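As structure tokens, the structure follows; a few thoughts come after it.
The values are calculated or read from the model by the stated rules, or taken from the named source; none is laboratory data. Because the structure is predicted, anything quoted here is derived from the model rather than measured. Cβ sites come from the backbone with ideal geometry, for glycine too, and all protein chains shown count toward neighbours. Ligands, DNA and RNA are stripped out before the accessible areas are found, and what is left, the full protein with its side chains, is counted by its heavy atoms. Shrake-Rupley method; radii C 1.70, N 1.55, O 1.52, S 1.80 Å.
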Amino acid sequence: MDVLRLVSVLETLPTDRTRLLDNLGRLRREVGPIGPELSDALADHMSIRRGEVHEVVSFYSFLQVPVDAVRVCTGPMCDCAGSRELLLEGCVEVPCLGHCDLAPVVLDGDDVRGGVTYSTNDGPSTGLATRDDTLSDYERRGGLSLLRKLPPLERIIEELKTSGLAGYGGAGFPTGLKWEAVARETGRPYVIVNADEGEPGTIKDRYVMELRPHLLLEGTLIAARSLGATEVYVYLREEYAGSRARLAAAIAEFGTAGLLNGLSVELVIGAGAYICGEETAMLESMEGRRGMPRLRPPYPAQVGYLGRPTLIQNVETLAHVPAILRNGGAQWRELGRGLGDGVRLWSVSGAVLRPGCYEAPNGITARALVEEHAGGFTGEPGAFVPGGAASGILPPAALDVPLTRDALTDWGAGVGSAALQIFPRSYSPLRLLAETVRFFAEESCQKCTPCRIGNRALHHVFEELQHDRTPMPRHQIEEWLDAMHLTSICGLGQAAPYPVRNAFRHWPELFESLDRPHTPAE
Ligand SMILES: Cc1cc2nc3c(=O)[nH]c(=O)nc-3n(C[C@H](O)[C@H](O)[C@H](O)COP(=O)(O)O)c2cc1C
Ligand code: SF4
């Protein structure tokens, strides 16, 4: 370790506890992977107990990994595309790198090997097909009009409610109600943009940040200004170097153009922990602790960052706000299809001709999404995932079901983060299930016993089943699923049973041995 370098970097690092993650990230980049010596030196510098800093370091996947490491994605879609063959010695295996349209994905340091390409369409709300290189590009295309002439807060909330916009981070909470809840609180709120995008299959927020960062900033600043916030944070996953550069440049442009008006907009860079996308885990992470979810209530709208009311909103949700306010909530709502309200960005990956990110109506079916936007199927489709790992695993018969919460409930699934993944017939649903549960097991924050042990146990069961061994009978698995769903404190443990139950229901022949006396593993 270069001690002189360490000392000179430490001198520049702030000592407030909320800067812990950022400081660790800077040390990793500027000095080297965070081993015990660096961790202790930073703890002493920030006057935090050494054990507490070590605890934080060990929570994140990347702090102990060199910045120039080669990272290979082995999420379900990359696994299906053969990524395990790319795992050469010295490579780091990671669960999802958020570039599923390019599977199999390898990150060489910050760079996506092979380069990034975009496949998209020109939707009416986010207009992704045209990239804004500069703030002037954005303004020429009609941007900034709302920020320059902000409607009253009551009208904004009314339009959001009329639009039916419901958070696109996965939980689907009505956006207008959330803004109203924050506005009702006393005290200056914070605004946090959730740009952690870690759900396997989900690439849409990256598209927004890389193609239309100014649109995201306009939506964000409308929220901050109208709610009276003066500090905005964007919590961005570490793997998105391209988004980071685009956002940093756009924030600087807004500042130079005098559009920030005393507002600060800061990037907080994650360190490889999927669970930090859960909003309360994110708050813990930002406050300098391990990213473990909090019990709710209270909700962040009431008691959020540093105890103050906080609006936490997904990147894409905020990117729709300018169009809703410009054209009216009712008109935006009409863009939906059937019983769906409005439009959203669908991440489409797998066995389709043009994997990418497409703006299309809520209520569209998976088949229409593939055929109307992603160029069609490349062969006979097999199992598909409608909206990210926890949304479920469905058979081809469900390709014609409208992708809405209500319609998918009948199939025991959900829309989640709208990450449609089409697997080819050749990829076994059992392997897909095993890989999905492996993801949950590896990304569980370990706080709740049912989630910590349940996901590991299930992963073991499905791995064994692939080798014709049945280490646990079905009734015991069912008990685990109930306990996980009912007693886990966050969405990860609560939703993990969905894909398992889907697979039991739609591919019963793969699980028949669970009903026979079980064979313990050797
Ligand atoms: C395990 C887990 C991971 C999550 N990851 C993300 C994420 O990466 N991005 C995101 O916007 N929301 C994520 N969420 C949802 C957030 O907790 C929260 O609902 C969302 O940021 C609110 O914004 P929205 O209402 O605009 O969707 C996750 C939730 C859970 C349970
Ligand atoms: S459900 Fe799982 S991920 Fe969520 S808090 Fe509990 S242990 Fe952590």
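Key figures for this structure:
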read-out	value
Residues satisfying the stated conditions in the range 436-454, i.e. within 8 Å of ligand 2 (Cβ to nearest atom) and either farther than 14 Å from C490 by Cα or of a type in the set (G, A, S) (or both)	S444
Answer residue from the range 343-365, given it is part of a strand (DSSP E or B) and over 21 Å from the mean Cα position of the chain (by Cα) and is nearest to F423 (Cα to Cα) among those	V352
Answer residue from the range 245-286, given it is over 15 Å from V234 (Cα atoms) and small (G, A, S) and is farthest from ligand 1 (Cβ to nearest atom) among those	G258
Failed condition for L325, given (1) at pLDDT 95 or above; (2) open to solvent by 20 Å² or more (accessible area, probe 1.4 Å); (3) assigned to a helix (DSSP H, G or I)	(2)
Within the range 414-522, helices (runs of 4 or more DSSP H) holding 1 or more residues that are away from ligand 1 (no atom under 16 Å from the Cβ)	429-443, 449-465, 474-487, 497-506
Matching residues, the range 289-308, being touching a Lys or Arg at 6+ places or on another chain (Cβ under 8 Å) and over 20 Å from C490 (Cβ atoms)	R308
Search result, residues across the range 360-382 that are touching a residue at least 60 places away in the same chain (Cβ under 8 Å) and open to solvent by 10 Å² or more (accessible area, probe 1.4 Å)	H373
Where L433 falls short, out of the listed (1) open to solvent by less than 70 Å² (accessible area, probe 1.4 Å); (2) touching a residue at least 60 places away in the same chain (Cβ under 8 Å); (3) within 16 Å of ligand 2 (Cβ to nearest atom)	(3)
Hits in the range 288-311 (condition: in a loop (DSSP other than H, G, I, E, B), open to solvent by less than 50 Å² (accessible area, probe 1.4 Å) and away from ligand 2 (no atom under 16 Å from the Cβ))	G288, A301, G304, P309
Check on P450, touching an Asp or Glu at 6+ places or on another chain (Cβ under 6 Å) and touching a residue at least 40 places away in the same chain (Cβ under 8 Å)	no
Qualifying positions in the range 383-406 - outside any loop (DSSP other than H, G, I, E, B) and open to solvent by less than 20 Å² (accessible area, probe 1.4 Å)	A383, F384, V385, A389, S391, L394, A398, L399
Helices (runs of 4 or more DSSP H) wholly inside the range 1-85 containing at least 3 residues that are without any contact (Cβ under 8 Å) to a residue 40 or more places away in the chain and over 25 Å from L107 (Cβ atoms)	3-10, 36-46, 50-59
